[in-house]
Amino acid sequence: MGNTVGEFRKKLKIADIKGGPDGGLDRVGQTLVVMGWVRTLRVQSSVTFLEVNDGSCLSNMQCVMNSDAEGYDQVESGLIATGASIWVQGTLVASQGAKQKVELKVDKVVVVGQSDPSYPIQKKRVSREFLRTKAHLRPRTNTFGAVARVRNALAYATHKFFQENGFVWISSPIITASDCEGAGEQFCVTTLIPSSREATDSPVRAIPNTKDGLIDWSQDFFGKPAFLTVSGQLNAETYATALSDVYTFGPTFRAENSNTTRHLAEFWMIEPELAFADLNDDTACATAYLQYVVRHVLDNCKEDMEFFNTWIEKGIIDRLNDVAEKDFVQLPYTDAIELLLKAKKKFEFPLKWGCDLQSEHERYITEEAFNGCPVIIRDYPKACNWRSRHSICGKMMMGGL
């Protein structure tokens, strides 16, 4: 009785077909299957062009259909439209167009999922503000798809770097009672407030109180206040005293009410902890890690990075190449202050020894004083900021990143 589970096989993706050095010409003549979503559809008198994307890369696969292809009636009836998911089988041929080297001559097409006529992601560009209202469709756009692929590459390279260098990954708690050295304002996790839609109608008096009028945390889920983690550092430190070199890599939450590009409510943070190491070992590890992951992205996400360089931030590839190729500079805090005080430039924020550096100071040091080289400022004074006490940690700066 019963059947054995079939063998799992990796699907052939558009990135596999077009990602080689010859853009897919080595597969010309092969019968292939492409599964994805219709980006554009052009119906002409004798031929129909479908641009299909499966999310594996920025490029679409141009599928060329004649009226004798099986399933062509689905084009005529309007079932195949922008946004529809389809299964396409055909023969890969050299393309006559200038935008791609190969295209798929369709033998058969099957509609897997129809698209609503009001499908909002059309060929024309749409603003990010508009996409906020269509969050479930954002990943199908070029920008969000490219961001997802680059983040995936960065996460993979992060684990690969530390694993290859003998580190052990530590899965630190997301819910915690510790403040981790006061790293930032915390989000409270509680069941004292209803977690369903009833929460919007909950009166304040429904929250349990003590006789002194304080919140009665003993009735909460954990019996005491709990928060979303601001850092996995404390857990990593304890494991480093047993496993030597460890790292955490996971979600982190900060509740600072600051609407700037340098503050996020939620992000993923990498925190390595090295036993039997000093500040020189820390800076060497940080340098090697940054250069490793940047080079990995530049080598493995070329199409996405070219898209960013053209449409999102011009010059980003050159700046990242500087990070990957140039030597990092170590600069004591005192030398950095002296360099800035001697600069023939007026800064918005005044400087003196003992103050923390602002973005404009960091950019001047990296971009002008050291011509784009990444710079590590180390040996901060004890009272400068909480991360710099006793010169345990230097402050990392990358030119404009």
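Below is a table of values for the structure above.
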{"quantity": "Qualifying position, being touching a Gly at 6+ places or on another chain (Cβ under 6 Å) and over 16 Å from Val34 (Cα atoms), among Lys101, Lys134", "calculated": "Lys101"}
{"quantity": "Subset of region 318-333 (residues that are part of a helix (DSSP H, G or I), under 15 Å from Gln291 (Cβ atoms) and touching a residue at least 40 places away in the same chain (Cβ under 8 Å))", "calculated": "Arg319, Leu320, Asp322, Val323"}
{"quantity": "Residue check, Asp220 surrounded by 14 or more Cβ atoms within 10 Å (Cβ to Cβ), among the acidic types (Asp, Glu) and over 25 Å from Gln358 (Cβ atoms)", "calculated": "yes"}
{"quantity": "Any hit, region 237-247, residues being within 20 Å of the chain's Cα centre (by Cα) and in a strand (DSSP E or B)", "calculated": "yes"}
{"quantity": "Per-region count, region 134-162, residues more than 19 Å from Thr82 (Cα to Cα) and of a type outside the set (D, E, K, R)", "calculated": "14"}
{"quantity": "Set Thr252, Thr190, Thr248, Thr261: member being under 30 Å from Val329 (Cβ atoms), without any contact (Cβ under 8 Å) to a residue 60 or more places away in the chain, surrounded by 15 or more Cβ atoms within 10 Å (Cβ to Cβ) and hydroxyl-bearing (Ser, Thr, Tyr)", "calculated": "Thr252"}
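No value in this document is a laboratory result; all are computed from the given coordinates. Since this is a predicted model, take the numbers as computed values, not measurements. A quick note on method: Cβ atoms are made from the backbone with ideal geometry, for glycine too, and the neighbour counts reach across all protein chains shown.
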